[in-house]
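Have a look at the structure below before the remarks.
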Ligand code: SAH
Ligand code: SF4
Ligand code: F3S
């Protein structure tokens with residue numbers, strides 16, 4: 001056994017990450033686990049001994065991308081039979097058996113099984129496919145220091161909770177990620193101190209619903225507002241962000257903490273999903289349109305100019321023209337800076353898949369989605385145009401994709417600003433004046449403070 005292990009040492013690992021920021025953070029955890037066992041990170045897929053896809057199941061098209069990718073990888077494997085291919089993440093958890101049937105797949109691991117990846121990689125061979133999709137309610141990957149690879153990166157993610165207990169009726173996440181659990185305060189502070197020493201300039205605290213973070217010890221209960229203040233105080237020179245907040249749980253304490261703490265960014269991502277109370281009820285979101293607007297008003301009053309973004313999708317079961325209009329009206333009322341807009345995709349195993357009929361025809365879903373996108377694009381353009389002439393501090397993230405002469409970064413409100421490079425360094429904060437705007441980007445120039 002020892003001999004087999006030795007013969008497999010020094011293998012090169014290539015990881016591709018799909019889906020949400022949680023998966024980005026998880027891929028780093030996976031790399032940290034594998035590196036501690038003498039595996040190496042490889043950036044070029046052609047040179048890899050082990051290829052891992054960290055997958056998402058949130059909508060059908062997210063899974064379709066993986067099936068297409070696997071068909072491509074089948075070709076790569078024909079040329080080099082020694083390559084091992086593994087599927088991890090939400091799709092691995094949801095349909096492990098089906099994935100193992102694919103010619104290219106050698107091993108499968110669910111989100112709570114990453115500590116066993118080395119064994120899975122070692123056990124998988126030409127004749128044996130292996131999987132581990134056990135849930136572990138205690139698994140928060142404590143003691144594993146995620147390795148943030150790219151030296152140019154100035155921003156990174158830190159998971160504070162895993163799993164979800166909300167069971168929104170359309171959503172697969174509670175089934176792929178298991179029950180919610182919070183990481184210990186000590187673990188989080190340990191990780192962020194490492195990130196500080198690595199010179200990161202911005203961290204984003206992650207959870208499906210960060211507001212339900214709770215870490216209890218014999219003498220104190222740390223909730224999310226307390227945690228984020230502690231993180232902000234520990235890293236006074238870094239920008240602190242968080243996602244995602246559930247509207248039913250976002251507290252006044254959090255809103256005041258954001259307003260009062262300079263390095264907590266004034267941006268809140270607050271997914272609304274629908275503007276219709278009938279649909280919100282069918283979704284089991286546990287808030288009404290009115291309660292959502294009350295929270296937004298509170299945010300706008302306590303944190304003037306707070307950046308606001310949301311998620312919304314159309315075409316859920318029973319969504320009438322009237323329900324859809326209420327969603328459009330909500331977009332108009334709030335005027336989010338940006339929104340992630342989707343059309344409903346039935347996820348097998350969810351409450352909605354078992355109990356509701358997917359009764360909005362595909363063409364109508366598409367029509368409604370296009371209408372939402374058109375409306376939000378015009379709102380984003382209006383919001384961005386209003387910023388022309390204003391000055392914003394921008395954390396420089398890198399060079400613009402379009403031109404080597406331009407750089408880009410984000411304001412604390414999460415607006416992207418592109419500006420001529422002007423000797424600016426990645427990782428520094430520069431003051432920019434906005435001179436032009438599109439619906440997605442602000443164009444600025446650097447202003448020198450006198
Ligand atoms: N925890 C976050 C969201 C996680 S999933 C929250 O509660 O808001 C990210 C987004 O995908 C959701 O906000 C929702 O807008 C969308 N989504 C989730 N399931 C979906 C489905 N079955 N069809 C279409 N969109 C979906
Ligand atoms: Fe899914 Fe709802 Fe949990 Fe978000 S809160 S992950 S939408 S079940
Ligand atoms: Fe996708 Fe899983 Fe994230 S389903 S959105 S990768 S939690």
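The values are calculated or read from the model by the stated rules, or taken from the named source; none is laboratory data. Bear in mind that the values here come from a model prediction, so they are computed numbers and not experimental data. Reconstructed Cβ throughout: ideal geometry from the backbone, glycine too, with neighbour counts over all protein chains shown.
If you check 251, 274, which single one turns out to be surrounded by fewer than 18 Cβ atoms within 10 Å (Cβ to Cβ), away from ligand 3 (no atom under 16 Å from the Cβ) and modelled with pLDDT of 95 or more? Going through 251, 274 in turn, the sole match is 251.
To keep it simple, each residue is scored yes or no on (1) more than 26 Å from the chain's Cα centre (by Cα); (2) over 21 Å from residue 174 (Cβ atoms); (3) within 16 Å of ligand 3 (Cβ to nearest atom).
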position: 38; (1), (2), (3): yes, yes, no
position: 44; (1), (2), (3): no, yes, no
position: 89; (1), (2), (3): no, no, yes
position: 105; (1), (2), (3): no, yes, no
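Could you list all residues from the stretch 357-373 that are over 21 Å from residue 272 (Cα atoms) and free of Cβ contacts under 8 Å to residues at least 12 places away in the same chain? 361, 362, 363, listed by residue number. Does residue 205 satisfy being part of a helix (DSSP H, G or I) and either away from ligand 3 (no atom under 16 Å from the Cβ) or buried (at least 17 other Cβ atoms within 10 Å of the Cβ) (or both)? In short, no. Just checking, how many residues over the stretch 276-287 are over 14 Å from residue 329 (Cβ atoms) and assigned to a loop (DSSP other than H, G, I, E, B)? Looking only at that region, the number is 5.
With respect to the conditions (1) without any contact (Cβ under 8 Å) to a residue 60 or more places away in the chain; (2) within 16 Å of ligand 3 (Cβ to nearest atom); (3) in contact with a strand residue (DSSP E or B) (Cβ under 9 Å, 6 or more places away or on another chain), residue 353 lacks only one, and its number is (3).
All conditions but one from (1) within 24 Å of residue 226 (Cβ to Cβ); (2) free of Cβ contacts under 8 Å to residues at least 24 places away in the same chain; (3) within 16 Å of ligand 2 (Cβ to nearest atom) apply to residue 301; the one that does not is (3).
Filtered by the rule that a residue be more than 23 Å from the chain's Cα centre (by Cα) and at pLDDT below 95, the stretch 401-419 gives 402, 403, 404, 405. Taking helices (runs of 4 or more DSSP H) that do not extend beyond the stretch 305-412, which have at least 2 residues that are in contact with a helix residue (DSSP H, G or I) (Cβ under 6 Å, 6 or more places away or on another chain)? It comes to 321-334, 362-385.
Conditions (1) out of contact with any strand residue (DSSP E or B) (no Cβ under 9 Å at 6 or more places or on another chain); (2) within 16 Å of ligand 3 (Cβ to nearest atom); (3) farther than 23 Å from residue 313 by Cβ, marked per residue:
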position: 12; (1), (2), (3): no, no, yes
position: 57; (1), (2), (3): no, yes, no
position: 62; (1), (2), (3): no, yes, no
position: 65; (1), (2), (3): no, yes, no
position: 73; (1), (2), (3): no, no, yes
position: 82; (1), (2), (3): yes, no, yes
position: 85; (1), (2), (3): no, no, yes
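Looking at residue 313, is it within 16 Å of ligand 3 (Cβ to nearest atom), modelled with pLDDT of 95 or more, surrounded by fewer than 16 Cβ atoms within 10 Å (Cβ to Cβ) and within 17 Å of residue 269 (Cβ to Cβ)? No: the conditions fail for residue 313. Of all residues in the stretch 316-325, those that are surrounded by fewer than 21 Cβ atoms within 10 Å (Cβ to Cβ) and under 20 Å from residue 377 (Cβ atoms) total 1.
Taken together, the criteria exclude residue 192 from residues that are part of a strand (DSSP E or B) and touching a strand residue (DSSP E or B) at 6+ places or on another chain (Cβ under 8 Å).
So residue 186 passes all but one of these: (1) free of Cβ contacts under 8 Å to residues at least 24 places away in the same chain; (2) within 11 Å of ligand 1 (Cβ to nearest atom). Which condition number does it fail? Among (1) free of Cβ contacts under 8 Å to residues at least 24 places away in the same chain; (2) within 11 Å of ligand 1 (Cβ to nearest atom), residue 186 violates only (2). I'd like to know if the stretch 160-167 contains one or more residues that are more than 16 Å from ligand 2 (Cβ to nearest atom) and within 19 Å of the chain's Cα centre (by Cα). Checked the stretch 160-167: no residue is more than 16 Å from ligand 2 (Cβ to nearest atom) and within 19 Å of the chain's Cα centre (by Cα).
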